[in-house]
Amino acid sequence: METVHLGQSSALPASPDEAMLDFVPNPRAATLYLVRFAAPEFTSLCPVTGQPDFAHLVIDYAPGQTIVESKSLKLYLGSFRNHCGFHEDVTVGIGQRLFEEMKPNWLRIGGYWYPRGGIPIDVFWQSGAPPTGLWLPDQGVAPYRGRG
């Protein structure tokens, strides 16, 4: 598989639509296992006010024939810094794009958004039921407690 970012100098894409995700062959394609990416400082923009929104994203997937190359994923997630979108659209859109392009056996994403206006919003999406026998740890992000 040819990659765009691996081993290359790459600029941050201007938008998620311009971002190119790279995939490489899964070296353990015959094995059922879980891969987790955590992005605790994810940023996008509110589509109404243009102010920044912050989230802790956790992406879990059981690879199929390919795995996502981490540098390209980092650049893709970074491209949301100037993207306006509601929390639900951003979280679900990331999960669906990864699932459609990578074609893993299973994928889930948790978007733990920090409060603006006093209300934290957590958004979850998964591609379906997890495969039987897949060890599925808790995503490890505590519910927002404020000053509590």
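If only one of Ser15, Ser72, Ser9 is crowded, with 18+ Cβ neighbours inside 10 Å and among the polar types (S, T, N, Q), which one is it?
On the way: Ser15 fails: crowded, with 18+ Cβ neighbours inside 10 Å; Ser9 fails: crowded, with 18+ Cβ neighbours inside 10 Å.
Just a single option satisfies the conditions, and that option is Ser72.
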Scanning region 22-79 for residues that are in contact with a His (Cβ under 9 Å, 6 or more places away or on another chain) and among the aliphatic types (A, V, I, L, M) gives Ala38, Ala39, Leu45, Ala55, Leu75
Restricting region 108-148 to residues that are modelled with pLDDT under 95 and β-branched (Val, Ile, Thr), the one farthest from Gly85 (Cα to Cα) turns out to be Val141
Scanning region 75-91 for residues that are surrounded by fewer than 19 Cβ atoms within 10 Å (Cβ to Cβ) and within 29 Å of Pro131 (Cβ to Cβ) gives Glu88, Asp89
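One residue is enough: does region 92-115 have a residue meeting the conditions surrounded by fewer than 16 Cβ atoms within 10 Å (Cβ to Cβ), touching a residue at least 24 places away in the same chain (Cβ under 8 Å) and in a loop (DSSP other than H, G, I, E, B)?
Yes.
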Scanning region 78-122 residue by residue, those over 18 Å from Phe23 (Cβ atoms), over 12 Å from the mean Cα position of the chain (by Cα) and among the hydrophobic types (A, V, I, L, M, F, W, C) turn out to be Cys84, Phe86, Trp113, Ile119, Ile121
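The values are calculated or read from the model by the stated rules, or taken from the named source; none is laboratory data. On a predicted model such as this, the values are computed, not experimentally measured, just so you know. Cβ coordinates were reconstructed from backbone atoms using ideal geometry, including for glycine residues, and neighbour counts include every protein chain displayed.
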